[in-house]
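The values are calculated or read from the model by the stated rules, or taken from the named source; none is laboratory data. Computed from a predicted model, the values in this text were never measured in an experiment. Methodologically, a virtual Cβ is constructed for each residue, glycine included, from the backbone with ideal geometry; neighbour enumeration extends over all protein chains shown. Only protein heavy atoms, including side chains, enter the accessible area calculation; ligands, DNA and RNA are left aside. Shrake-Rupley method; radii C 1.70, N 1.55, O 1.52, S 1.80 Å.
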Amino acid sequence: ISAVFANVDGFKTNFDEFRVRSSTLSPGCGMDPSFFLFCETNLSHYDSRDIFSLPGYKSYHKCNTTDKFKGAGLAIYVKNSILFNPCPSLTIECNGFQALGGKVQLEDGQTLNLVTLYRYHRGGDVEELFQNLSSLLERACKTQCIIAGDFNFDLLKLDDSKIVRRYFDLFGGHGLVPTVSSPTNFTTNSSTLIDQIWTNIVTPETRSCLLSSLAVSSHTPIFCQAPMSCYKESTGPRTVTYTDINSTTLGNFEMYR
């Protein structure tokens with residue numbers, strides 16, 4: 001399976017360009033995302049989601065809060081053939097961040113927890129923030145999981161900031177590892193590593209990279225691939241065997257009476 005995470009900084013302004021750029025991803029280039037995870041969609045409950053479609057994917061959205069019209073909103077796009085169920089216990093709106101999550105049915109019968117998250121720049125009370133994060137991680141990490149988001153904690157400051165170290169240790173304590181170590185967000189005056197995909201699927205085959213060709217904002221999208229397969233619904237034609245019941249075929253059963 002594979003996932004792309006992107007902070008698009010507004011669907012209304014940047015989604016069309018992202019859709020065009022993401023169309024260059026294909027199995028032939030080794031990138032055929034099972035999921036697209038977004039934050040900062042900036043969509044409200046009044047906005048139509050139908051116009052923000054990706055061919056071959058179904059979408060799930062968590063809209064802006066009533067008091068926050070920018071810097072909020074989440075979305076998960078899932079390939080049509082993949083079994084995905086939104087999960088209320090992985091979907092949170094609290095003082096500090098919002099999260100949208102669900103469960104993916106895997107081919108081996110297990111499940112994968114998938115979460116996209118956005119932590120607000122000014123996240124309120126720090127202790128409450130970490131308490132809510134810890135609670136979410138406890139639920140998400142009960143099985144294999146991928147947690148992507150703009151956390152607004154710069155991992156490049158891991159050795160210089162106590163709060164960043166606390167954030168890193170919290171995720172690490174739940175068996176999660178970050179998949180990228182290079183800057184993801186670029187402004188005129190800075191480069192930071194605030195976007196991240198965390199996972200507890202740690203194998204030699206797990207790989208990740210930055211997709212600068214998909215960037216439609218100051219944030220660079222992240223690609224992550226893990227060695228597992230999703231259970232897929234059959235979408236092609238099915239062969240149905242049937243017996244035509246009529247006077248002739250009924251006569252064939254007379255010998256068995």
Practice problem: Could you tell me which label, among (i) 27; (ii) 32; (iii) 44, carries the value of percent of Cα pairs over 29 Å apart calculated for this structure? | Solution: (ii)
Quiz item: Any idea how far apart Thr13 and Asp50 come out in nm if each label point goes 7 Å out from Cα toward Cβ?
Solution: 2.7
Quiz item: What longest range of the chain stays clear of loop-exposed chymotrypsin sites (Phe, Trp or Tyr not before Pro) (DSSP non-H/G/I/E/B, at most 10 other C-beta within 10 angstrom)?
Solution: 47-241
Self-check item: Distance between the range 115-159 and the range 169-221 - C-alpha centres, whole angstrom
Solution: 13
Self-check item: Per residue accessible area in Å² of the chain, where ligands, DNA and RNA are left out and the probe is 1.4 Å
Solution: 51
Quiz item: Taking GluC sites (Glu not before Pro) as exposed when DSSP calls them loop (any state but H, G, I, E, B) and at most 13 other Cβ atoms lie within 10 Å, what is the longest stretch of the chain free of them, the sites themselves excluded?
Solution: 1-106
Quiz item: Helix 126-140 sits at what angle to the longest principal axis of the chain, using alpha carbons and giving 0 to 90 degrees rounded to 10?
Solution: 20
Practice problem: Pull out the extension gain between Ser26 and Thr203, defined as 0.36 nm times the separation in residues minus the alpha carbon to alpha carbon distance; nm, one decimal. | Solution: 61.4 nm
Quiz item: Over the range 10-97, what percent of the accessible surface lies on carbon and sulfur atoms, probe 1.4 Å?
Solution: 54
Exercise. Go ahead and set up a Gaussian network model of the chain, Cα springs under 10 Å, then flag whichever of Asn80, Asn189, Asn14 fluctuates most.
Key: Asn189
